[in-house]
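Reviewing the structure listed below.
The values are calculated or read from the model by the stated rules, or taken from the named source; none is laboratory data. Please read all numbers here as calculations on a predicted model, not as lab measurements. Virtual Cβ from ideal backbone geometry, glycine too; neighbours counted across all protein chains shown.
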Amino acid sequence: MEISLKLDHKSVTQMINNLRQILNSVKITGGQALKEFARDVIMMESAIECPRKTWTLVNSGYVEEPITTALGISVKFGYGGPEDKMNPITHKMASEYMIIVHEDLYPKGVVHPVGKSKFFEDPVRRNEQLLLEHLGSRVRSTMNIKPGG
Amino acid sequence: MADLLLDLVNYTIAQEIGTSGMVFYNDVPDSPTNLITFLEYAGKSSPISDFGLRSIQPNIRNESSESARVTAWALYNLFHPNDIEDSIIFLTATRWAKFSYRNEPFKLKEDESHRTIYVFNMGVLTHKDE
């Protein structure tokens with residue numbers, strides 16, 4: 001007595017197509033989730049912590065669209081870059097002085113009326129775990145998987 | 001009392017990257033001209049263990065730009081021996097620390113006295129200070 005389980009060529013093709021669709025949806029959702037997180041969590045918190053005497057640095061903040069490569073999906077975000085702005089007092093571009101403002105933990109003679117150094121790195125590190133949870137939630141939702149499923 | 005920053009200072013002196021009187025922590029005094037100082041910024045502590053991930057920025061100042069660069073790299077290599085990622089080092093008999101690098105040494109600026117300042121950032125996983 002025996003049973004033979006078979007997958008015909010049409011079924012296999014259909015299955016591959018379905019998997020490709022799922023993979024594509026996960027990529028799109030993942031990219032959007034990364035962008036949302038960068039924009040709505042990290043850059044928001046960063047803006048609060050960023051020194052903003054003239055608001056030049058804050059206003060140079062940017063989040064790019066997701067890019068899909070062979071290595072995965074990435075979203076670039078930060079300060080300077082395509083949204084670079086000129087400081088109206090010093091006439092320097094934000095990209096020229098943002099590293100010093102960010103990295104100088106002991107800026108002698110410089111008092112930031114608001115904000116602090118490490119205004120970008122701190123929110124990134126603080127939210128690492130939350131990012132993973134956000135990504136997982138969005139991808140599960142796309143694949144229609146309930147939490148714990 | 002164990003203090004990571006103080007342990008880093010003493011280890012740096014013991015390894016002859018700096019000498020007593022020129023290695024500091026939590027401060028950037030105006031003199032001596034040439035110095036190394038360890039500064040700390042926001043890290044993470046674990047609510048369920050005695051470990052914490054500390055964020056440390058060694059800050060190297062020298063009147064010679066080249067000396068600042070060389071000292072910064074010597075310090076970088078001190079905590080990153082044999083090119084092994086995430087090295088564990090015993091700073092003291094009772095203090096172990098696992099170092100992870102966030103960037104390589106780079107020139108941050110020249111100060112008002114034309115002294116060059118190099119910095120780099122590292123994560124240090126270690127047990128909590130007592």
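For segment B:38-76, a residue qualifies if it is out of contact with any Gly (no Cβ under 8 Å at 6 or more places or on another chain) and of a type in the set (Gly, Ala, Ser), and the qualifying residues are B:ALA42, B:SER49, B:SER64, B:SER65, B:SER67, B:ALA68, B:ALA72, B:ALA74. Do any residues in segment B:112-129 that are over 21 Å from B:THR71 (Cβ atoms) have Cβ atoms under 6 Å from those of residues that are assigned to a loop (DSSP other than H, G, I, E, B), where the two are at least six apart or on different chains, and which pairs are they? Filtered contacts from segment B:112-129: B:HIS127/B:ASP50; B:LYS128/B:ASP50; B:ASP129/B:ALA2; B:ASP129/B:ASP3. Taken over segment A:93-118, the criterion of being of a type outside the set (S, T, N, Q), farther than 14 Å from A:LYS53 by Cα and away from chain B (no Cβ under 11 Å) is satisfied by A:MET93, A:GLU96. Taken over segment B:1-32, the residue count meeting the criterion of being more than 14 Å from every other protein chain (Cβ to nearest Cβ) and in contact (Cβ under 8 Å) with a residue 24 or more places away in the chain is 13.
On the basis of being on the phi < 0 side of the Ramachandran plot and modelled with pLDDT of 90 or more, does B:ASN26 make the cut? Here the answer is no, as B:ASN26 does not meet what is asked.
Residues in segment A:64-80 that are free of Cβ contacts under 8 Å to residues at least 24 places away in the same chain and crowded, with 16+ Cβ neighbours inside 10 Å: A:GLY80 alone. Tell me whether segment A:84-97 contains one or more residues that are assigned to a helix (DSSP H, G or I) and in contact with a Gly (Cβ under 6 Å, 6 or more places away or on another chain). Within segment A:84-97, one or more residues are assigned to a helix (DSSP H, G or I) and in contact with a Gly (Cβ under 6 Å, 6 or more places away or on another chain). When segment A:84-105 is examined, which residues are found to be surrounded by fewer than 15 Cβ atoms within 10 Å (Cβ to Cβ) and among the charged types (D, E, K, R)? Passing the criteria: A:LYS92, A:GLU96. For the residues A:VAL26, A:VAL63, the requirement of being closer than 30 Å to A:THR142 by Cβ, away from chain B (no Cβ under 14 Å) and at pLDDT 95 or above singles out A:VAL63.
Residue by residue through segment B:33-57, note down the ones that are away from chain A (no Cβ under 11 Å) and in a strand (DSSP E or B). Break it down stepwise before answering.
As a first pass, look at segment B:33-57 and keep what is away from chain A (no Cβ under 11 Å): B:33-36, B:45-52, B:54.
Across segment B:33-57, the qualifying residues are B:LEU35, B:ILE36, B:SER45, B:PHE51, B:GLY52, B:ARG54.
Scan segment B:93-106 for residues that are surrounded by 15 or more Cβ atoms within 10 Å (Cβ to Cβ) and either closer than 15 Å to B:SER67 by Cα or at pLDDT 95 or above (or both) and the total you get is 1.
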